[in-house]
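Nothing in this text is a laboratory measurement; each read-out follows from the coordinates by a stated rule. Nothing here was measured: the structure is a model prediction, and the numbers come from that model. Here the Cβ is made from the backbone with ideal geometry for all residues, glycine too, and neighbour counts use every protein chain on show.
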Amino acid sequence: MPVINRIADFHEDMCRWRRDFHAHPELAFEETRTAGVVCGLLREFGMDVHQGLATTGVVGTLRTGDGPVIGLRADLDALPLEEKNKFQHCSCHAGRMHACGHDGHTSMLLGAARYLAETRRFKGTVHFIFQPAEEEIGGARVMIEEGLFEKFPCESVYGMHNMPGYAAGSFALRSGPMMAACDTFELRIGGRGSHAAMPHQGIDSIVVAAQIVTALQTICSRNTAPVEAAVVSVTRIHGGAADNVIPDEVVLRGTTRAFTPRIRDSFEPNILRIAGGIAAAHGARVELDYQRGYPATVNHARETAIATAVAVEISGTERVDLDPPPTMGGEDFAYMLEAKPGCYIFIGNGPGEGGCLLHNPHYDFNDDILTTGASYWARLVERELPLS
């Protein structure tokens, strides 16, 4: 079955919502206007609405009698990025942009909410979860800590993200890891400053840092099995302020990525072992600050099977990839999947031409897929919560 005709009827409304959100991007925990628009529409659809979880989170609830309870999640926040598009709905706020498609995610879920509120062809309860602060800060974790699943119990929970590079309106999903756990680290390497012309009088923190950057790659190549995935990337190096001065200290910062807890747990001791050994060999010292970020986004088998059936129903077997390579990107929907069984799916946004890639200043969500995404959400509810 293709997209739902009734949802196609109000495609222009979804486009209008989406472009309004795009033009008024708001950053993490500041999504006041966006949340207000979402609340207004949900109430217009006849739903019970709760505001305030994680400051700007919104949950709309639709009940049609006794039955299972599921949660559908969309994200609200934008990125601190200067938009370079010139179309009419580009960001009206300097330094803020919907460069990851959360404007589209919110609009697709609103479209499904409108349709389900009209038709009510399901038996049970749906919580429409509009989550703030997905980008880096972890609004999902905050919503859960503030009682999301106590206030709105769910037997399963589902998420969706657009993906440039996949054909528009296609889907991709898999059971097991979809996205990686992502942590950050800071290494402070202490040497002894000296004149650059007299390096023998000091301990060169730059040389130590350079050797550490190279050696950290052995965590992936020599401490992790070749059939397992791991990433250690140094992304920032700060040290020194003059051409003729060897600095006292160099700071390295970076990120690690893994799909399994075992590999993730190995990063911190291995970084400290390697950096500490190299520093000691040069008479330097090292301090490590390792911060845990999002866990891996791991889909559950039952819910993935349900989501697969719905995706095939909407787009056809040939347009559903059941074995996409997991991505090393991170996603805070992972916290919800740790708390409840569920599934996270990608919907194709198109080829990504002209810089239309995630976190790119030329990105824009593809309005042509709004009906497809909303139809997926609606059929997922009808399949999970059948009338009989």
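When only Cα pairs under 8 Å and 6 or more residues apart are kept, what is the percent relative contact order across the chain?
Values: 883 pairs, mean separation 99.1, N = 388.
Reported as a whole number, the value is 26 percent.
Could you please rank 86, 123, placing first whichever residue has the fewest other Cβ atoms within 10 Å of its Cβ?
Values: 86 7, 123 16.
So the residues, fewest neighbours to most, are 86, 123.
Which ³J(HN,Hα) values, rounded to whole Hz and listed in residue order, are derived for segment 99-105 from phi using the Karplus coefficients 6.51, -1.76 and 1.60 in 6.51 cos²θ - 1.76 cosθ + 1.60 with θ = phi - 60°, glycine and proline given as x?
Ordered by residue, 3J(HN,Hα) equals 9, 10, x, 5, 4, x, 4 Hz.
Report, in deg cm²/dmol and to the nearest 500, the calculated mean residue ellipticity at 222 nm for the chain, where each DSSP H run with n ≥ 4 adds -39500 (n - 2.57) and the sum is divided by the residue count.
Values: 12 runs with 133 residues, N = 388.
Counting only the DSSP helices, I get -10500 deg cm²/dmol.
Roughly how big is segment 181-294's charge dipole about its Cα centre, with Cβ charges of +1 (Lys, Arg) and -1 (Asp, Glu), in debye to the nearest 20? Mind showing how you got there, number by number?
Working: 11 positive and 11 negative charges, 57 e Å.
Dipole size: approximately 280 debye.
Rounded to the nearest 0.05, what FRET efficiency is calculated for residue 48 and residue 82 with R0 set to 45 Å and r the Cβ-Cβ distance?
Working: r = 39 Å, r/R0 = 0.86.
Efficiency computed from Cβ-Cβ geometry: 0.70.
If I model a spin label as a point 7 Å beyond the Cα along the Cα-Cβ vector, how far apart are those points for residue 318 and residue 265 in nm?
4.7 nm
Which of the lysines could a cross-linker span from residue 151 if the Cα-Cα distance has to be under 22 Å and same-chain partners fewer than 8 positions apart are dropped?
Partners within reach: 123, 340.
Apply the Karplus curve 6.51 cos²θ - 1.76 cosθ + 1.60, θ = phi - 60°, to the phi angles in segment 112-123 and return the couplings in whole Hz, x for Gly and Pro.
5, 4, 4, 5, 5, 5, 6, 8, 6, 8, 7, 10
With just the Cα atoms of the chain, tell me how far they stretch along each of the three principal axes, in Å, largest first.
Taking max minus min along each principal axis of the Cα atoms, the chain gives 79, 43, 40 Å.
Suppose the chain between residue 94 and residue 20 were pulled fully straight at 0.36 nm per residue; how much longer would it get relative to their current alpha carbon spacing?
Value of the extension gain: 25.1 nm.
Just rank 64, 119, fewest to most, by other beta-carbon atoms within 10 angstrom.
Ascending Cβ contact count within 10 Å gives the list 119, 64.
By how many degrees, between 0 and 90 and to the nearest 10, does the Cα long axis of helix 261-281 differ from the longest principal axis of the chain?
Rounded to the nearest ten degrees, it is 20.
Quick one: helix 11-23 against the long Cα principal axis of the chain, what's the angle to the nearest 10°, folded into 0 to 90?
30 degrees
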